[in-house]
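Novice: Below is a structure I'd like to ask you about.
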Amino acid sequence: MAFKTEYEFELPRGYVDENGNLHKRGVMRLATAADEILPMRDQRVQQNPGYLTIILLTRVITNLGDLRAIDTRVVEKFFTADLAFLQNFYRQINEMEVPSVHTSCPKCEHEFDVDVSFLDEMAGA
C-alpha cells in the first residue's frame, strides 16, 4: 500500500474567480516542516500572525477547480466557511493518527481496538 500524501476535498461554499466561475473541488497535500517554518519569515505573518493560515494554505493546496495556481490573493478571497473548513481539513490530514490494534479478550473473546501510542509513554517518562 502506497503512503498517501494528497487528499481531495470539496469546499462548502466554493471560490468564485474574477470571471464568476465557481471552484469547489480541490486537493491538499501533507505539510512539510518547511511549510510551517518558512512562512514565519514572511513580513505579513510577522505583522499579523493570523496571516500564517493564508500562506500555509497557499503552500499545501495543490489544486482547486480549474485554477492554474493558488496564491495568497485566491486564499484571501475564500469565504469564511471555506477558510474554516480548510483549516480543519489541514489539521485532520496532518495530525498523527494514534495507531491501534484490533484484538480480542482471551477469556471472553470480546473483540475491541487498543490504542498503542508509544509517544504517550515517552512523554510521561
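Novice: Quick check on my filter: what residues within segment 2-24 are of a type in the set (Asp, Glu) and under 21 Å from Gln87 (Cβ atoms)?
Specialist: Glu6, Glu8, Glu10 - these are the residues of segment 2-24 that are of a type in the set (Asp, Glu) and under 21 Å from Gln87 (Cβ atoms).
Novice: Can you name the condition, by its number, that Thr53 falls short on among (1) over 24 Å from Arg41 (Cα atoms); (2) assigned to a helix (DSSP H, G or I); (3) within 12 Å of the chain's Cα centre (by Cα)?
Specialist: (1)
Novice: With the structure loaded, tell me whether Ala31 is under 25 Å from Met96 (Cα atoms), open to solvent by less than 40 Å² (accessible area, probe 1.4 Å) and in a loop (DSSP other than H, G, I, E, B) or whether it fails that test.
Specialist: When the stated conditions are applied, Ala31 passes them.
Novice: Report yes if some residue within segment 83-101 is in contact with a Phe, Trp or Tyr (Cβ under 8 Å, 6 or more places away or on another chain), aromatic (Phe, Trp, Tyr) and either open to solvent by less than 80 Å² (accessible area, probe 1.4 Å) or farther than 15 Å from Val16 by Cα (or both); otherwise report no.
Specialist: Checked against the condition, which is being in contact with a Phe, Trp or Tyr (Cβ under 8 Å, 6 or more places away or on another chain), aromatic (Phe, Trp, Tyr) and either open to solvent by less than 80 Å² (accessible area, probe 1.4 Å) or farther than 15 Å from Val16 by Cα (or both), segment 83-101 yields at least one hit.
Novice: Those residues that are assigned to a helix (DSSP H, G or I), in contact (Cβ under 8 Å) with a residue 12 or more places away in the chain and farther than 18 Å from Glu18 by Cβ, I need them from segment 59-82; list them, please.
Specialist: Arg59, Val60, Ala81
The values are calculated or read from the model by the stated rules, or taken from the named source; none is laboratory data. Just so you know, these numbers come straight off a predicted model, no measurement behind them. Cβ sites come from the backbone with ideal geometry, for glycine too, and all protein chains shown count toward neighbours. The accessibility values were calculated without ligands, DNA or RNA, using every heavy atom of the protein model including side chains. Shrake-Rupley method; radii C 1.70, N 1.55, O 1.52, S 1.80 Å.
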